[in-house]
Structures are given as structure tokens and as C-alpha cells.
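S.K.: Structure in C-alpha cells, see below.
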Amino acid sequence: MTAIDYLDSPAAREALRRRTLRVVMASQVFSGAGLAAGVTVGTLLAADMLGTSSLSGLPVALFTAGSAGTALLIGRLSQRLGRRAGLTAGYAAGALGGAGVVLAAAVDSVVLLLLFLLVYGAGTATNLQARYAGADLAGPRRRGRAVSSVLVATTLGAVTGPNLVAATGDVARDLGIPALAGPFGLAAVAYGLAGTILFTLLRPDPLQASRRIAAAEPSDPAATGRQRTGVGKPSTGGVLAGTTTMVLTQLVMVAVMAMTPIHMRTHGHDLHATGLVIAIHIGGMYLPSPLTGLLVDRFGRIPVAAASGLTLLVAGVVAASAPTDSVTALALALALLGLGWNLGLVSGTAMVTDALPVQTRARTQGVVDLCVALAGAGGGIASGMILSATSYATLALGGGILALAVIPLIARRRPVDA
């Protein structure tokens, strides 16, 4: 489809929007597996190689920090060359990082481990940035559902990845490599496939297409519910409210999630149980997306963002009170943790995208995701220290209470179109 084709009629633009969503969703199936595999065993691998659990939050902090830097670079590259170039480059870096972690484990090098965990974070950033590609061609009243479609496509790979931990570990062991490195090999392959799909099929580029559409027919703010999608100035209130929501929910989710495998191993649970709990958690992160998108579009961004804080509080209470021998209770807590994150991400993404003119959208979205990733890195670092100094229950409950701060903060920065 050429630039002239999709400028011809609303029907042609709708066809392009649907095709773009299908391509991005296909890539997300693979990237979800890459994302989830490393998250499941990263803390365990680091604890083994470092010889201490007090720094077990370091892997999550490192690949979240890598995600932060990559988010900014992807945003800038997408601003200049389009989503296809930015997302493809991000997944290529993620694949390199996954392969590097396998190498680090094989030669028992902590230095290489830390370096390649940083690079591996590029895949996490790219996985999240892809949601913006799904929203580029969507109108304001369909934006929540567009974001949710991309997120739910991640579910298949994200739920499958943790359940392949044991199988990929067996393969790694047969090759003379530590079993915990196996899932990172899966991540390298998965990220490589995701990047290949986007590089091959994401044409025309959705961000560049949306710019041409906006230039051909500038948006009328009154016709779009006062949400700016054309060439105007950004809405500061919308950007701040959306960023605040995503930063807080990311920080709390990463902190509790990162320490759950350590908590489970300490109390005698094996990798199969850990993989199951993380798979349920990631299902909670992505499976509710269609419903979340519908709620965001129908009832507004702010109510759903407030619900994210309340849900994370409930998750913290359940995790803190869960019996240490109960996989079921931990699975419920982690499912609620994922749901709270999902409510915050979809509502926050919609607020940010609503507030940005298409001509400068990608660059600002990269900065927003930088802030989100840095919050996750901080949560990852702090979580290991808090767990060592106090307990998993204290960490979970404290995170839930912190999540409630999203409600007064977004109320003060309420965007006019929320």
C-alpha cells in the first residue's frame, strides 16, 4: 500500500490500520516469549553467579536500566525513520543480549552477565514501545482498544515462555551450560523472530502514515473530544498524568515480581512452580487488555488509572498474607499484580498519546518510557535490599500502599479529556 493509497479514503485508512495491528500483534507473540523467559530466571541466575541473594534484584535493575536507555533511543530513531526502524533495531539488540547472557553463564563471567543483561533490556523496551505503533493510526475513541490489542498479543508468548523454563534448562544442561541460562537462549531466538517480522512486513510505516494523514486532513479538536492528534501543541496535563500512572505501577510491579522467584525458592518451591506463578502473573499483565481497553475508551482514562492503584494494593495484601507453602495464593497475588499493571499501562498510554501531536509523538513517548523503565530499575534494585533487610511480606505490602499514591497524583494533574 502506497502513501497515495491510504490517503484516498477512510476505508483505505481503516484497512491499513487493521493490517498494521495484525503485523505488530504477530511480532508480539514472539517478543512476549523473549520477555517472559528472562524475567522468570534472571534473579535466580544472578543469585547463583554472584553467590548472594542480597543483590538478586540486580538483573531486573540492569535489564530495566537497559530498557530505559533503549526506550529513549527507539523513540528518537522512530521519530526520524519511523516505527519499523526503531522497533527492529530494539529487537536485534534484545536478541544479542539474550545470546550474551548464555555466553556469560557458559564461561561463568559475572562481568559479561551484567553487561549483557543491560543489553537484553532492549527487548523489554521494544516490547513496550510496540504498543505505540498499534495506536498510531487509531482515533481517540479507539485508542485504548488499539493499545490493548497489541498487549494481548504478547500473552501467548509471555505465558508460554515461563513454562518452557524447565525444557530450555534441560537443553542447556545437555550442552554443558547452566540450566538457568537456557531461557535466555529462547529469548534470543524469540526477539530475533519478532524483529524479522517487523522489518519485513511493517510497511507502510504506521507513524509516517499517520503524519501524512494528519497533514492531509488536520484534526479538529472539537470533533475528537478535545484530544489533540494533529499538529498542535502537547497537553502537559495529559502527559504528566499518564507518565505518573505508568511510573508508579511499573515500580511496584517490578519490585514485587522480581523477588517472587527468590521468595519461592527460599521456601522450597521448584522451577516448575516458579514458572507457573510467573506465567500466571504475565497472563494477568496482558490477558485483561481487551477489557481494559474497552473500559478506558468508554469510561475514561482517569477512573481506570485509579483502579490500577487499588488493584495493586489488593495484590500486595494477598502476597503479604499468602502462606509460604501455597503456590495458589502466590499465583493469585501475582495475577492481581499483573492486572494492576495492565490497568495503569493502558490508561497511561492512552493519556500520553492523546496529549501528543503526531509530528513529535515518538520522541516524547521515548522519554516517557525512559521514565517508566528507570522506575522499574529503581524498584528492582530496592526490592532485593528490602527483601534482605525485612521480608517478602513487607515488600509486597509496602508496594501496594505506594501504588495508592497514583490516585491523588493523577487527580491533581487531571487532563481535560480524561
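The values are calculated or read from the model by the stated rules, or taken from the named source; none is laboratory data. Keep in mind that this is a model prediction, so the values were computed, not measured. FYI the Cβ positions are ideal-geometry reconstructions off the backbone, even for glycines, and counts take in every protein chain you see.
S.K.: Looking at Ala355, is it closer than 30 Å to Leu73 by Cβ, touching an Asp or Glu at 6+ places or on another chain (Cβ under 9 Å) and touching a residue at least 60 places away in the same chain (Cβ under 8 Å)?
M.R.: yes
S.K.: When you go through (1) surrounded by fewer than 24 Cβ atoms within 10 Å (Cβ to Cβ); (2) at pLDDT 90 or above one by one for Leu395, which number turns out not to apply?
M.R.: Of the numbered conditions (1) surrounded by fewer than 24 Cβ atoms within 10 Å (Cβ to Cβ); (2) at pLDDT 90 or above, the odd one out for Leu395 is (1).
S.K.: Right, something else. Based on this model, can you work out whether Asp108 counts as more than 20 Å from Arg22 (Cα to Cα) and among the charged types (D, E, K, R)?
M.R.: yes
S.K.: Which numbered condition trips up Val358, out of (1) within 15 Å of the chain's Cα centre (by Cα); (2) farther than 28 Å from Tyr392 by Cβ?
M.R.: (1)
S.K.: Can you find a residue that is of a type outside the set (Lys, Arg), modelled with pLDDT under 95, surrounded by 24 or more Cβ atoms within 10 Å (Cβ to Cβ) and not in a helix (DSSP H, G or I) anywhere in the stretch 349-364?
M.R.: yes
S.K.: Under 8 Å between Cβ atoms, at least 6 apart or on separate chains: pull out the pairs that start in the stretch 275-292 with a residue that is in contact (Cβ under 8 Å) with a residue 60 or more places away in the chain and end on any residue that is buried (at least 22 other Cβ atoms within 10 Å of the Cβ) and of a type in the set (Phe, Trp, Tyr).
M.R.: Here the result reads Met285/Trp341, each pair linking the stretch 275-292 to a residue that is buried (at least 22 other Cβ atoms within 10 Å of the Cβ) and of a type in the set (Phe, Trp, Tyr).
S.K.: Could you please give the count of residues in the stretch 189-205 that are in a helix (DSSP H, G or I) and charged (D, E, K, R)?
M.R.: 0
S.K.: For the subset of the stretch 160-186 comprising residues that are in contact with a Leu (Cβ under 8 Å, 6 or more places away or on another chain), under 17 Å from His281 (Cβ atoms) and part of a helix (DSSP H, G or I), which member is modelled with the lowest pLDDT?
M.R.: Across the stretch 160-186, the extreme among qualifying residues is Pro162.
S.K.: Out of curiosity, is Thr43 in a helix (DSSP H, G or I), over 17 Å from the mean Cα position of the chain (by Cα), farther than 24 Å from Thr243 by Cβ and of a type in the set (S, T, N, Q)?
M.R.: yes
S.K.: Quick check on the stretch 177-193: of everything there that is of a type in the set (Gly, Ala, Ser) and within 20 Å of Ala46 (Cβ to Cβ), which residue is farthest from the chain's Cα centre (by Cα)?
M.R.: Ranking the candidates gives Ala179 first.
S.K.: Can you tell me which residue among Val111, Val119 is within 22 Å of Val189 (Cβ to Cβ), surrounded by fewer than 24 Cβ atoms within 10 Å (Cβ to Cβ) and of a type outside the set (Phe, Trp, Tyr)?
M.R.: The conditions single out Val119.
S.K.: Another one. I'd like to check something: does the stretch 303-311 contain any residue that is in contact (Cβ under 8 Å) with a residue 40 or more places away in the chain, touching a Pro at 6+ places or on another chain (Cβ under 8 Å) and not aromatic (Phe, Trp, Tyr)?
M.R.: The answer is no; no qualifying residue exists.
S.K.: Which one of Leu312, Leu337, Leu343, Leu332 is modelled with pLDDT of 95 or more and surrounded by fewer than 24 Cβ atoms within 10 Å (Cβ to Cβ)?
M.R.: None of the others qualify; the one that does is Leu332.
S.K.: Also, quick follow-up: Just give me the residues in the stretch 284-337 being among the basic types (Lys, Arg) and under 20 Å from the mean Cα position of the chain (by Cα), in sequence order.
M.R.: Arg301, the sole residue that qualifies.
S.K.: Does Val296 satisfy the criteria of being in a helix (DSSP H, G or I), modelled with pLDDT of 90 or more and closer than 15 Å to Ala329 by Cα?
M.R.: The answer is no for Val296.
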